[in-house]
Amino acid sequence: MAVSGVTTTTGTTSSTSPTSSATDAASASLNYDSFLKLLVAQMKNQDPTEPMDSSEQIAQLATFSQVEQTIKTNTNLESLLQRTSLSEANAVIGKTVTSADGKTTGIVKEVKLYSDGIIAVLDTGKELTVGPGVTVK
């Protein structure tokens, strides 16, 4: 989605990006697949006189399934937060903003979206971090 006047940039605060989420998901899938292969190998090679405990196998399988679902949920949540941040950034373009201390005021011409917040570029050329205490009119 292209939003006029919005620049997306990676900030200095570390956060999980969609790329790392995809890597986490791939890693979890690999571990999940590896677990299933190991489970099948264990079943093929088990001692018939002392079979494996099936309730422990089911518990392990359920744990891996929960981890996989949690990673998918986190990926969807990160995507939702990114879209919300873009909407918030777009909403301040053309508005007058005033810093919490009242020293910086101007009309927002451009917005830079960082992983740790929004920076408004004013018509005066100054940059203002949009956060608590900032007034938007």
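I'd like to verify a number: residues in segment 83-133 that are of a type in the set (A, V, I, L, M, F, W, C) and out of contact with any helix residue (DSSP H, G or I) (no Cβ under 8 Å at 6 or more places or on another chain), how many? Give the derivation first.
Of all residues in segment 83-133, those of a type in the set (A, V, I, L, M, F, W, C) come to 86, 89, 91-93, 97, 100, 107-108, 111, 113, 118-122, 128, 130.
If we keep only those that are out of contact with any helix residue (DSSP H, G or I) (no Cβ under 8 Å at 6 or more places or on another chain) as well, we get 86, 89, 91-93, 97, 100, 107, 119, 121-122, 128.
Matching residues across segment 83-133 total 12.
Only one of these is within 13 Å of residue 136 (Cα to Cα) and out of contact with any Gly (no Cβ under 6 Å at 6 or more places or on another chain): 97, 40, 111. Name it.
Details: 40 fails: within 13 Å of residue 136 (Cα to Cα); 111 fails: within 13 Å of residue 136 (Cα to Cα).
Being within 13 Å of residue 136 (Cα to Cα) and out of contact with any Gly (no Cβ under 6 Å at 6 or more places or on another chain) holds for just one of 97, 40, 111, which is 97.
Filter segment 55-70 for residues that are of a type in the set (D, E, K, R) and either modelled with pLDDT of 80 or more or touching a helix residue (DSSP H, G or I) at 6+ places or on another chain (Cβ under 6 Å) (or both) and give the result. Steps first, answer last, please.
Taking segment 55-70 and keeping what is of a type in the set (D, E, K, R), we get 56, 68.
68 - this is the single residue of segment 55-70 that is of a type in the set (D, E, K, R) and either modelled with pLDDT of 80 or more or touching a helix residue (DSSP H, G or I) at 6+ places or on another chain (Cβ under 6 Å) (or both).
Taking the options 129, 104, 98, 124, name whichever one is in contact with a strand residue (DSSP E or B) (Cβ under 7 Å, 6 or more places away or on another chain) and either loosely packed, with under 14 Cβ neighbours inside 10 Å or among the acidic types (Asp, Glu) (or both).
Details: 129 fails: either loosely packed, with under 14 Cβ neighbours inside 10 Å or among the acidic types (Asp, Glu) (or both); 104 fails: either loosely packed, with under 14 Cβ neighbours inside 10 Å or among the acidic types (Asp, Glu) (or both); 98 fails: either loosely packed, with under 14 Cβ neighbours inside 10 Å or among the acidic types (Asp, Glu) (or both).
Testing whether each residue is in contact with a strand residue (DSSP E or B) (Cβ under 7 Å, 6 or more places away or on another chain) and either loosely packed, with under 14 Cβ neighbours inside 10 Å or among the acidic types (Asp, Glu) (or both) leaves just 124.
The values are calculated or read from the model by the stated rules, or taken from the named source; none is laboratory data. If you're wondering where the values come from, they're calculated on a predicted model, not measured in any experiment. Ideal geometry is used to build each Cβ from the backbone, glycine not excepted, and the neighbour counts take in all protein chains shown.
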